[in-house]
Amino acid sequence: MSYSEIYLPKSDLDEYHVNREFYQPIDALDIKKTNQTWIAILRCDSKYGVKTRFYKWKKSRYDVKWKVDYARMDIDGWNMEHVQKFLEKYKN
């Protein structure tokens, strides 16, 4: 199975609210998206090279626009093997 055959949910890349002076999304994975919370992993081209970044946006029920929460960071140094093992530990 190739990567192109795997469905990874994502919004239109133009919808991601990132600082476009520094980051240009080239791919994304929406982890959670509700009316008030949006969490995603973005692959971005940047002034610093290609980066994988974690973002969280919030919107109160009175807001029209998404606002970046405090969660916005590079995750290239994260040990994804450990993350996967942790998730599998609690998988039902």
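How large is the helix-only mean residue ellipticity at 222 nm for the chain, computed as the sum of -39500 (n - 2.57) over DSSP H runs with n ≥ 4, divided by its residue count, in deg cm²/dmol to the nearest 500?
Details: 1 runs with 10 residues, N = 92.
So the calculated ellipticity at 222 nm is -3000 deg cm²/dmol.
Give the long-range amide H neighbours of Ile31: residues separated by 5 or more places, or on another chain, with amide H under 5 Å away, using H modelled in the peptide plane at 1.01 Å from N.
Residues meeting the amide H criterion: Ile39, Ala40, Ile41.
Ala71 versus Arg43, label points 7 Å from Cα toward the beta carbon: distance in nm?
If labels sit at Ala71 and Arg43, their model points lie 2.1 nm apart.
How about region 12-86: which chymotrypsin sites (Phe, Trp or Tyr not before Pro) there lie in a loop by DSSP and see at most 15 other Cβ atoms within 10 Å?
Answer by residue number: Phe22, Tyr48, Tyr62, Trp78.
Between Phe54 and Asn35, what length in nm is gained on full extension when 0.36 nm per residue of separation is reduced by their alpha carbon distance?
So the chain would gain 4.9 nm between Phe54 and Asn35.
Since every read-out is calculated from the coordinates, none of them should be taken as a lab result. Here the structure is a predicted model, which means the values were calculated and not measured. Virtual Cβ from ideal backbone geometry, glycine too; neighbours counted across all protein chains shown.
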